[in-house]
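The values are calculated or read from the model by the stated rules, or taken from the named source; none is laboratory data. A quick note: this is a predicted structure, and the numbers were derived from the prediction, not measured. Don't worry about glycine lacking a Cβ; one is built from the backbone with ideal geometry, like all the others, and counts go over all protein chains shown.
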Amino acid sequence: IFIYLGSMVPLFIGQTKQLIKSVKSGNFNRIGVVPIPGYLDDWKQAVNLCLVLILLAMVSQEPIFYCLAAKEQLGLFSTKCPEAAAQTKAYSALSMFAMGLYWMLVSDLTILSTRVSAFVLVCARVLPELGLFLVALAFLIVNFASSICALDLDNQDFRNIPRSALTLWEISMNMYPTEHFAEIESDAMLMLAVSIFIIIAIIFLMSLLVAQLNGAYQEVYDDMAGYARLNRGKVICDTMEQVSQKRWEGFLTSLRLDTRLEFNEGDIGLAGGIQVLEPASANTTTVDMIRRFGGSTSPAMQWPEEE
């Protein structure tokens, strides 16, 4: 109930406002003939929309609501009742996806540390290299699965193309049971095909992936701290847009930016800053950093020569 009222409702209201704003301004992008609101270009807004849809589906499958009829016997918030048995499987799957999306949104907290934020940005920039690796691996799996199925085999792990593709995926991910390799070794042609697949997919492609990730990381390594600071500024600006005008004005008033700052006792300086006091021994200086000259402030008057 807390998730639905405290999370789903604000997210639903926010998505509705963004959609109305896009409709009024005509801000739409088209994918083919399908119009997509422009605000969904931001991945966080797209994740919010997916989260709202999943939470709405969870409400329709909520076991607590189905068990309300038996609340006197089982309790008010019980989820174990015959009426909710059919919805439990779908509800648990939706909960898994919703939890994953919540953790994706928490990634904004990485801006609290420039180092962590830079690491996340680097990971995002090398993801295309990982995508290329997966595409190449998928091509190899389909290729070898189709080829192996042309053999006259009695091995149940390669009885058809889908099963062969799953077996090759398990081999590439080091998930294939080791005891099943004895059956592969019993057929020379099957052993040859699987060996060639392992050499290309695991040895060659994996080494190529490591080289690609290393090159992409070195390319952005020098700039990742700057990217992290820019990302922090972007998140701050996006957050400021959601602050009400009254609250923002109160915050500015509390900063007292119109008050002139005092450099030293009786030495009044300019306004527009925030004064931070420190011990006099923290940064000792033998020469005053501020130089003062008496006389007229006219630009036509030359500065006196320094001694």
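One table, with the values for the structure above:
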read-out	value
Residue match in the stretch 247-255 (condition: assigned to a loop (DSSP other than H, G, I, E, B), more than 30 Å from ALA124 (Cα to Cα) and of a type outside the set (Val, Ile, Thr))	no
Residue identified as exposed (fewer than 14 other Cβ atoms within 10 Å of the Cβ), of a type outside the set (Lys, Arg) and more than 30 Å from ALA188 (Cα to Cα) among SER107, SER78, SER92	SER92
Residue among ALA98, ALA150, ALA136 that alone is of a type outside the set (Ser, Thr, Tyr), surrounded by 12 or more Cβ atoms within 10 Å (Cβ to Cβ), out of contact with any His (no Cβ under 7 Å at 6 or more places or on another chain) and closer than 30 Å to LEU208 by Cα	ALA136
Candidates PHE119, PHE139, PHE133 - the one that is farther than 30 Å from TYR227 by Cα and outside the structural domain of SER7 (by TED's automatic domain parsing)	PHE139
Matching option when the condition is at positive phi and assigned by TED's automatic domain parsing to the domain that holds PRO63, among GLY32, GLY14	GLY32
Subset of the stretch 165-185 that is closer than 18 Å to ILE199 by Cβ and polar (S, T, N, Q) - its residue that is farthest from the chain's Cα centre (by Cα)	THR167
GLN87 vs. criteria polar (S, T, N, Q) and more than 30 Å from PRO10 (Cα to Cα)	no
Considering residues of the stretch 7-37 that are within 17 Å of ASN48 (Cβ to Cβ) and among the basic types (Lys, Arg) only, the residue surrounded by the fewest Cβ atoms within 10 Å (Cβ to Cβ)	LYS17
Some residue of the stretch 64-71 being touching a Phe, Trp or Tyr at 6+ places or on another chain (Cβ under 6 Å) and either surrounded by 15 or more Cβ atoms within 10 Å (Cβ to Cβ) or not assigned by TED's automatic domain parsing to the domain that holds LEU11 (or both)	yes
Residue match in the stretch 138-147 (condition: without any contact (Cβ under 8 Å) to a residue 40 or more places away in the chain and within 29 Å of the chain's Cα centre (by Cα))	yes
The stretch 187-200, subset in contact (Cβ under 8 Å) with a residue 12 or more places away in the chain and farther than 17 Å from CYS149 by Cβ, residue surrounded by the most Cβ atoms within 10 Å (Cβ to Cβ)	ILE200
